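Asker: If you scroll down you'll find the structure; I have some questions about it.
The values are calculated or read from the model by the stated rules, or taken from the named source; none is laboratory data. What you see is a predicted model; the values in this text were computed from it and never measured. Backbone-built Cβ (ideal geometry, glycine too); neighbour counts: all protein chains shown. Ligands, DNA and RNA are excluded from the accessible area calculation, which covers all protein heavy atoms including side chains. Shrake-Rupley method; radii C 1.70, N 1.55, O 1.52, S 1.80 Å.
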Amino acid sequence: MYKGATMRRSLPPLNALRSFDAAARHQSFTRAAEELCVTQGAVSHQVKALEVELGLQLFKRERNGLIITDAGRDYLAVVRDVFERLELATDRLLQRHRSGTITVSTSPDFAAKWLVSRLGRFAEAYPEIELKLAALMHRVDFAREDVDLAIRHGDGQWPELDAVNLCTEELFPVCSPSLMTSRGGLHEPEDVLRFPLLHLDDRHDWARWLEAAGSPGERLLHGPILNHASMLIDAAIDGQGIVLARTMLAASDLIAGRLVRPFQAAIPLRNTYWIVCPKATRALPKIVAFRDWLLEEVAADRQRLESVASGRQSA
């Protein structure tokens, strides 16, 4: 048990509470049994077990029927309130899943650099679905939050969820087109050291990339460190330096020509983007529609990026 944890008192079985509620409404075990489609003895047994567990008498058994006790009446008010709240929450949950509204959670970086600019295409393709986008830093908890689907970054090992890989990814340098031809240009991997280098969280990735590009050895790496990939990419677009970017986050700007990729050397990444949702809702039409649309967009990006790369090579 983790520090600070408290013991939760066990709750009475749901069947016992249902039997108690029905018996109180009908003032009869027999009529309660008819409502619940069980035997009279089963209802009587459930109520008796509940009384034993609570240490209280809930009914007085009379020849002409049941008479609820004061303790039973107090407890019944609580039980009925809980049932009503549960019914209301269930109705709302089912209505949300059946409705044409889908709430999607993703990171601010993914939202800013990939998803938001494409939402018009989704709305045009699926006008019957209302999309709500939540850009969150934390990993969504489907059991507690009003979210239908999430785009999550990681290794895909979430056995409690349905997870579909959105793409494979690499880490590679990108910069503005104008920077490509300044300071003597970028011809060999070591040429990046003549330019400001932009770093995400620390300077380890640039050292790894230089080694992967065939330029091993110690390097005096320089340049600012930022904590959001979207800020790094925007700084690179402004010509402030060269950044190592993920495939997904750089795709739109590479396709639009705001960024260029000076070298093909790249670091393959184990953690990538995944489309995740509860297993129970994976087949809902709106979930299927949004998942399929995401995969189609990624496939289209792949073709566009190949065309951009072919154009650069032929040039």
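Asker: Taking the stated definitions as given, is Gly100 open to solvent by less than 40 Å² (accessible area, probe 1.4 Å), modelled with pLDDT under 90 and closer than 30 Å to Ala300 by Cβ?
Answerer: Yes; evaluated as a whole, the condition is true for this residue.
Asker: Turning to a different aspect of this structure: Could we say that Arg258 is open to solvent by 10 Å² or more (accessible area, probe 1.4 Å) and within 18 Å of Gly154 (Cβ to Cβ) here?
Answerer: no
Asker: Here is a further query. So is Asp253 acidic (Asp, Glu), open to solvent by 20 Å² or more (accessible area, probe 1.4 Å), under 28 Å from the mean Cα position of the chain (by Cα) and modelled with pLDDT of 90 or more or not?
Answerer: no
Asker: Among the listed residues Ala289, Ala283, identify the single one that is surrounded by 12 or more Cβ atoms within 10 Å (Cβ to Cβ) and over 15 Å from Arg152 (Cβ atoms).
Answerer: Result: Ala289 is the single residue among Ala289, Ala283 that is surrounded by 12 or more Cβ atoms within 10 Å (Cβ to Cβ) and over 15 Å from Arg152 (Cβ atoms).
Residues are listed down the side, and each one gets a yes or a no for (1) out of contact with any Phe, Trp or Tyr (no Cβ under 8 Å at 6 or more places or on another chain); (2) modelled with pLDDT of 95 or more; (3) among the acidic types (Asp, Glu):
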position	(1), (2), (3)
Glu34	yes, no, yes
Val43	no, no, no
Ala77	yes, no, no
Leu88	yes, no, no
Ile129	no, no, no
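Asker: Here's a follow-up. Could you list, in sequence order, all residues of region 47-91 that are within 14 Å of Ser19 (Cβ to Cβ), of a type in the set (Lys, Arg) and either touching a residue at least 40 places away in the same chain (Cβ under 8 Å) or not in a helix (DSSP H, G or I) (or both)?
Answerer: Hit for region 47-91 is Arg80, nothing else.
Asker: Restricting to region 30-40, give me the number of residues that are open to solvent by 40 Å² or more (accessible area, probe 1.4 Å) and assigned to a helix (DSSP H, G or I).
Answerer: So the count comes out to 5.
Asker: Among the candidates Leu198, Leu221, which residue alone is surrounded by 12 or more Cβ atoms within 10 Å (Cβ to Cβ), modelled with pLDDT of 90 or more and hydrophobic (A, V, I, L, M, F, W, C)?
Answerer: From the options Leu198, Leu221, the qualifying one is Leu198.
Asker: Is it the case that Thr103 is under 34 Å from the mean Cα position of the chain (by Cα) and not basic (Lys, Arg)?
Answerer: Yes.
Asker: Just give me the residues in region 119-164 being among the aliphatic types (A, V, I, L, M) and open to solvent by 100 Å² or more (accessible area, probe 1.4 Å), in sequence order.
Answerer: Met137
Asker: Leu244 versus (1) touching a strand residue (DSSP E or B) at 6+ places or on another chain (Cβ under 7 Å); (2) modelled with pLDDT under 95: which is the lone unmet condition?
Answerer: So Leu244 meets the others, but not (2).
Asker: Would you call Ile233 touching a Pro at 6+ places or on another chain (Cβ under 7 Å) and open to solvent by less than 20 Å² (accessible area, probe 1.4 Å)?
Answerer: no
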